[in-house]
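What follows is a single structure, written as structure tokens, with notes after it.
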Amino acid sequence: MLSESTPATHHRVQDERGWRSLLREHFVPLDVGHRRADLSGAVESRMLGHVQVSTVSSVDQEISRPASLLRDGEALMQVGLVRSGEAVVEQDGRRAHLRPGDFVLYESARPFDWNLRAPTGSPQWELSVYSWRRDDFRLSEGFSRDVTARAFVADEGMGRVLSNLLCSVLDEQETLGLGHDGEVADHIGDLIAVAAQSLPRGATALGAAGGGSAVSLLARADAFIDANLADPDLGPAQVADAIAVSTRQLHRLFATRDQTVAQTIRSRRLHGARREIRSSIARDKSLREIARNWGFVDLAVFGRAFRQAFGTSPREYRQLMCAVSGDPRAVTRPHR
């Protein structure tokens, strides 16, 4: 994935080796299956703040992220929107059939498959891909596993609204002249996350429905944590009470992940605070206020935790975001 300061790039290739390399450069390592002797394709990427926006086009093929490749590449939350042709997307035990304008959410940290086909009379399909670093996308893992590979249909409800928004931002990005692109990227991500959480709850990734399955309990725990991050007293006991399990059972549920309950709370607070710093560079909001919004009562404790997580202090991070934003309203507030 490109960095925030990387200029727009456009690459075209004419062979399978070059195509695999191009996909790796712009996204993550992927497997490619096809039935053609020639495998031509192109990828154009640019940054909208911290979000990579890419246009991908190529011939009929299957693109997959198998378990054997998961250790390579960044953890990304991605939105794939079909611009031309059709696609079938599979992840977490679900399959979505997409037509032009439809889109799905999918994650690079878990296996997925795309089957892409060009429209009748055209040699290539076209796909738009928005890529967030996983920690910058406000959708918990529990919810994510229940909404990936579920189609947002372009001709109804929020699917229509968000499809139009995603297409418009892509088509007009060069002429928008926003200055505060990072804030726009965060708002787009938040809208998609809200729409995803509003989807009717279906069968879980394990094929089990009902409130007592492990996946369902984790999703409920995630939802409670996300809704209560501002509470400085939030901890495992409160989460366990909220989903009606013992603290011991809660810890067993979280043992299937890379983070404990406490680590999950701390990480989401820090990433939420970082998003708010980035999105408030043109507003009169102090670091102390932001810290309290995310459950940190002591500014010094917040500063140490932020530096440990991101390698820079909150004040230094805000100064950096102001410098790269291009927003004439951005101010650094060095003493706040």
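The values are calculated or read from the model by the stated rules, or taken from the named source; none is laboratory data. All values derive from a computational prediction rather than experimental measurement. Don't worry about glycine lacking a Cβ; one is built from the backbone with ideal geometry, like all the others, and counts go over all protein chains shown. The area values use the complete protein model at the heavy-atom level, side chains included, leaving out ligands, DNA and RNA. Shrake-Rupley method; radii C 1.70, N 1.55, O 1.52, S 1.80 Å.
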**Asked** Is it the case that ARG94 is farther than 30 Å from GLU172 by Cβ and either buried (at least 18 other Cβ atoms within 10 Å of the Cβ) or of a type in the set (Val, Ile, Thr) (or both)?
**Response** yes
**Prompt:** In this structure, is LEU70 out of contact with any His (no Cβ under 9 Å at 6 or more places or on another chain), crowded, with 18+ Cβ neighbours inside 10 Å and among the aliphatic types (A, V, I, L, M)?
**Reply:** no
**Request:** Go through region 254-285 and count every residue that is more than 22 Å from TRP132 (Cβ to Cβ) and open to solvent by less than 20 Å² (accessible area, probe 1.4 Å).
**Result:** 2
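Looking at this structure, is LEU48 modelled with pLDDT under 90, open to solvent by less than 20 Å² (accessible area, probe 1.4 Å) and either on the phi > 0 side of the Ramachandran plot or hydrophobic (A, V, I, L, M, F, W, C) (or both)? Don't jump to the end; show me each part of the working.
Working: modelled with pLDDT under 90: yes; open to solvent by less than 20 Å² (accessible area, probe 1.4 Å): yes; either on the phi > 0 side of the Ramachandran plot or hydrophobic (A, V, I, L, M, F, W, C) (or both): yes.
The answer is yes for LEU48.
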**Fill in**
Screening ARG117, ARG145, ARG150, ARG160 for residues that are at pLDDT below 90 and open to solvent by 20 Å² or more (accessible area, probe 1.4 Å) leaves only ARG145
**Asked** Hey, among the residues in region 243-274 that are modelled with pLDDT of 85 or more and charged (D, E, K, R), which one's farthest from GLY182 (Cα to Cα)?
**Response** ARG248
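Quick one: in region 1-26, which of the residues that are of a type in the set (A, V, I, L, M, F, W, C) and more than 15 Å from SER64 (Cα to Cα) is modelled with the lowest pLDDT? Show your work before the answer.
From region 1-26, those of a type in the set (A, V, I, L, M, F, W, C) are 1-2, 8, 13, 19, 22-23; that's our starting set.
Filter again for more than 15 Å from SER64 (Cα to Cα), leaving 1-2, 8, 13.
Values: MET1: 68, LEU2: 65, ALA8: 61, VAL13: 82.
Among those residues, the one meeting the criterion is ALA8.
Pick from region 27-45 the residues that are of a type outside the set (Gly, Ala, Ser) and modelled with pLDDT of 90 or more: which of them is surrounded by the most Cβ atoms within 10 Å (Cβ to Cβ)? Even if it seems obvious, please write down each step before you answer.
Applying the first criterion (of a type outside the set (Gly, Ala, Ser)) to region 27-45 yields 27-32, 34-36, 38-39, 43-44.
Keeping just the survivors that are modelled with pLDDT of 90 or more gives 27-32, 43-44.
Details: PHE27: 24, VAL28: 20, PRO29: 17, LEU30: 19, ASP31: 14, VAL32: 16, VAL43: 22, GLU44: 15.
This residue is PHE27.
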**Request:** Being touching a Lys or Arg at 6+ places or on another chain (Cβ under 8 Å), more than 19 Å from GLU141 (Cα to Cα) and either part of a helix (DSSP H, G or I) or not charged (D, E, K, R) (or both) narrows it down to one of ARG304, ARG292, ARG248, ARG288, so name that one.
**Result:** ARG288
**Request:** Of the conditions (1) free of Cβ contacts under 8 Å to residues at least 40 places away in the same chain; (2) within 28 Å of ALA185 (Cβ to Cβ); (3) not aromatic (Phe, Trp, Tyr), VAL82 clears all except one; give me its number.
**Result:** (1)
